[in-house]
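Since the structure comes first, as structure tokens, the remarks are kept for the end.
The values are calculated or read from the model by the stated rules, or taken from the named source; none is laboratory data. Note that this is a predicted model, so its numbers are computed, not measured. Positions of Cβ are generated from backbone atoms using ideal geometry, with glycine treated the same way; all protein chains shown enter the neighbour counts.
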Amino acid sequence: MKELQDLNPNPLRKRDYFVVSSMLFGLFFGAGNLIFPIHLGQLAGSHWVLATVGFLVTAVLLPLLSVLAVSVTRSEGVYDIGKPLGPAFALAFMIMIHATIGPLFGTPRTATVPFSVGVQPLLPSSMAHVGLLLFSAVFFGLAFLISFRESNIMTTVGKVLNPLFLLLLFSVFLLGFTNPMGSAAKQAATTAYQHASFFNGFLQGYNTMDALAGLAFGVTVVTAVRQLGKTKPSSNAKVTAKAGVFATTAIGFIYVVLIWLGTTTLSTYKVSADGGVAFNQLVTYYLGGFGHALLATLLTVTCLTTAVGLVAAFAQDFHKHFPKVSYRAWLGFMCLASFGTANFGLDTIIQWSTPMLMFLYPFAMVLILLSVFSPLFDRDPVVYALVVGFTTVPALLDMVAAFPPVVSQSAFGLALGSFQAHVLPFASLGMDWVAPAAIGAVLGLGYHFLRPVLGRVRTTSSQKE
């Protein structure tokens, strides 16, 4: 069958690449991307450099690889990434990813973070619940309106909201560089970061949810690039990959600065309970009362861009696989469900999202790597099945260990934790899935490459007989 040709055969202009990259940046960079790096800086102290390297692996390199995975496999969404394992697995994986970064955890967090950090400090404590209710209603109402027409997403996020966010963010950076609170190299590190700063930074990168989001945003990015006339799959993939490199490079730079700023705050403040408090401290130090207003604006703008991407990706993917329900109906469901979850509050959302992230991230990482390198083994389902199969048990154990004490410290949870610590290597570092996944890869690739040889041997033997 003849491959679809580009509606626009000419190379894209630099301006087009900038808009796509800006859109992808805006979709990626949301609530967790601001608060978790700053908190990491406070936790790591003088060990911030090594912790930053670990954080960049899961918060920058992995999301970039997720975009490349979409490009290499010419996928249009997270469903296609899991398709080599069969339609049932692909659908289940898609639903779990979208539920996690969508109405259960990720999307509600885009409203609760700007409210808790930027707006709530300006309200009397008695108005906190009512304030969150009103703020989240307006927030998800705006997300719905911006996403209502799919063609508006690239224009609104890439050309308007994202540049405004960057302008506000870099004003804070300028103040931090010209008048630093203290020397990052002289700050004390917390106990966990004194000996395993890289791995703790690596695990902190899970909280951004960007590797999961990168898979889910695939359909949104592919659609946007098609609107520029790049309808040929290979051309679309190249544009998507280039935009991904530009966007994630910019995000990586911002992470480094945020982690460094977080470390410098230790000369004035103690380690905060979470990154939202740390960011509040940082802005208040430099801008005083005005800082709260700036902070509320900054967080709301960046979180709104991410919310738009999340609700649109959810609606696009679910409409594609459940077409009897329209894109706009799925969009409305997503916004209403996220509004409901958001009103449980930020602390509850973060507490219960960690176990799901510990379960899903190992699967996401191995599927992303398998997709990127899939041309080497022709996307052989056997390779996929062995790697994912060997990853399942440690992922389940990590999930149980990350649950709140009511589960993790129960007799059942403690028994599984003891088994995990004594049987699986690197369990104490949260990396116990690595060795089983590697064994699955060796077995799968060995089978793939030896299968033709074994087939020829069988054929020769049967001929001799």
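Take segment 8-31 and flag every residue that is surrounded by fewer than 22 Cβ atoms within 10 Å (Cβ to Cβ) and in contact with a Leu (Cβ under 7 Å, 6 or more places away or on another chain).
8, 12, 16
Return the pair list, or none, for Cβ contacts closer than 7 Å from residues in segment 26-46 that are in the same structural domain as residue 267 (by TED's automatic domain parsing) to residues that are of a type in the set (Lys, Arg), at least 6 apart or on different chains.
Pairs that qualify, where the first residue is in the same structural domain as residue 267 (by TED's automatic domain parsing) and the partner is of a type in the set (Lys, Arg), are 31/109; 32/109; 46/186.
Yes or no: residue 386 more than 16 Å from residue 441 (Cα to Cα) and at pLDDT 90 or above?
Numbers: more than 16 Å from residue 441 (Cα to Cα): no; at pLDDT 90 or above: yes.
Taking the combined requirement at face value, the residue does not satisfy it.
Give me the residue from segment 321-345 that is surrounded by fewer than 17 Cβ atoms within 10 Å (Cβ to Cβ) and modelled with pLDDT under 90 and, out of that set, nearest to residue 173 (Cα to Cα).
344
I'm trying to understand the selection: among the residues of segment 361-383, which are over 17 Å from the mean Cα position of the chain (by Cα) and surrounded by fewer than 24 Cβ atoms within 10 Å (Cβ to Cβ)?
Result: 372, 373, 374, 375, 376, 377, 378, 379, 380, 381, 382.
Looking for whichever is of a type outside the set (D, E, K, R) and surrounded by fewer than 21 Cβ atoms within 10 Å (Cβ to Cβ) here; the options are 314, 290, 318. Which one fits? Walk me through it before giving the result.
Details: 314 fails: surrounded by fewer than 21 Cβ atoms within 10 Å (Cβ to Cβ); 318 fails: surrounded by fewer than 21 Cβ atoms within 10 Å (Cβ to Cβ).
Residue meeting the stated conditions: 290.
Answer yes or no as to whether residue 295 is at pLDDT below 80, in contact with a Pro (Cβ under 7 Å, 6 or more places away or on another chain) and within 19 Å of residue 36 (Cα to Cα). Spell out the reasoning first.
Working: at pLDDT below 80: yes; in contact with a Pro (Cβ under 7 Å, 6 or more places away or on another chain): no; within 19 Å of residue 36 (Cα to Cα): yes.
Against the criterion (at pLDDT below 80, in contact with a Pro (Cβ under 7 Å, 6 or more places away or on another chain) and within 19 Å of residue 36 (Cα to Cα)), residue 295 does not qualify.
What residue, among those in segment 61-110 that are surrounded by fewer than 24 Cβ atoms within 10 Å (Cβ to Cβ) and β-branched (Val, Ile, Thr), is modelled with the lowest pLDDT?
Within segment 61-110, the match that is modelled with the lowest pLDDT is 72.
So, restricting to helices (runs of 4 or more DSSP H) that lie completely within segment 189-255, which ones have at least 1 residues that are in contact with a Ser or Thr (Cβ under 8 Å, 6 or more places away or on another chain) and within 18 Å of residue 98 (Cα to Cα)? Break it down into steps so the answer makes sense when it comes.
Details: elements: 191-195, 197-204, 210-216, 218-227.
Those helices (runs of 4 or more DSSP H) span 210-216, 218-227.
So residue 349 clears everything in (1) out of contact with any Pro (no Cβ under 7 Å at 6 or more places or on another chain); (2) under 22 Å from residue 215 (Cα atoms); (3) among the β-branched types (Val, Ile, Thr) except one condition, right? Which one?
Residue 349 satisfies all of (1) out of contact with any Pro (no Cβ under 7 Å at 6 or more places or on another chain); (2) under 22 Å from residue 215 (Cα atoms); (3) among the β-branched types (Val, Ile, Thr) except (1).
Could you name every one of the helices (runs of 4 or more DSSP H) located completely within segment 300-412 that has at least 1 residues being in contact (Cβ under 8 Å) with a residue 60 or more places away in the chain and not acidic (Asp, Glu)? Full working, then the answer.
On the way: elements: 327-342, 346-372, 381-402, 405-408.
In segment 300-412, the matching helices (runs of 4 or more DSSP H) lie at 327-342, 346-372, 381-402.
Check residue 74 against each of (1) in contact with a Leu (Cβ under 7 Å, 6 or more places away or on another chain); (2) at positive phi; (3) of a type in the set (D, E, K, R) and name the one condition it does not meet.
The single condition residue 74 does not satisfy is (1).
In segment 40-60, how many are closer than 14 Å to residue 206 by Cα, buried (at least 24 other Cβ atoms within 10 Å of the Cβ) and not β-branched (Val, Ile, Thr)?
Result for segment 40-60: 4.
When you look at residue 287, is it in a helix (DSSP H, G or I), assigned by TED's automatic domain parsing to the domain that holds residue 337 and within 18 Å of residue 169 (Cβ to Cβ), yes or no?
Yes; evaluated as a whole, the condition is true for this residue.
State yes or no: is residue 221 of a type outside the set (Asp, Glu), under 21 Å from the mean Cα position of the chain (by Cα), surrounded by fewer than 24 Cβ atoms within 10 Å (Cβ to Cβ) and closer than 30 Å to residue 12 by Cβ?
Working: of a type outside the set (Asp, Glu): yes; under 21 Å from the mean Cα position of the chain (by Cα): yes; surrounded by fewer than 24 Cβ atoms within 10 Å (Cβ to Cβ): no; closer than 30 Å to residue 12 by Cβ: yes.
For residue 221, the condition - of a type outside the set (Asp, Glu), under 21 Å from the mean Cα position of the chain (by Cα), surrounded by fewer than 24 Cβ atoms within 10 Å (Cβ to Cβ) and closer than 30 Å to residue 12 by Cβ - is not met.
May I ask you to list the residues in segment 270-299 that are of a type in the set (Ser, Thr, Tyr) and free of Cβ contacts under 8 Å to residues at least 40 places away in the same chain?
Initial filter on segment 270-299 (of a type in the set (Ser, Thr, Tyr)): 272, 284-286, 297.
Correct list: 284 only.
Quick check on segment 265-284: of everything there that is in contact with a Gly (Cβ under 8 Å, 6 or more places away or on another chain), surrounded by fewer than 21 Cβ atoms within 10 Å (Cβ to Cβ) and in a helix (DSSP H, G or I), which residue is modelled with the highest pLDDT?
267
Each row is one residue, and each column tells you yes or no for (1) in contact with a helix residue (DSSP H, G or I) (Cβ under 6 Å, 6 or more places away or on another chain); (2) modelled with pLDDT of 90 or more; (3) not assigned by TED's automatic domain parsing to the domain that holds residue 54.
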site: 390; (1), (2), (3): yes, yes, yes
site: 421; (1), (2), (3): yes, no, yes
site: 428; (1), (2), (3): no, no, yes
site: 433; (1), (2), (3): yes, yes, yes
site: 438; (1), (2), (3): no, yes, yes
site: 442; (1), (2), (3): no, yes, yes
site: 450; (1), (2), (3): no, no, yes
site: 455; (1), (2), (3): no, no, yes
site: 462; (1), (2), (3): no, no, yes
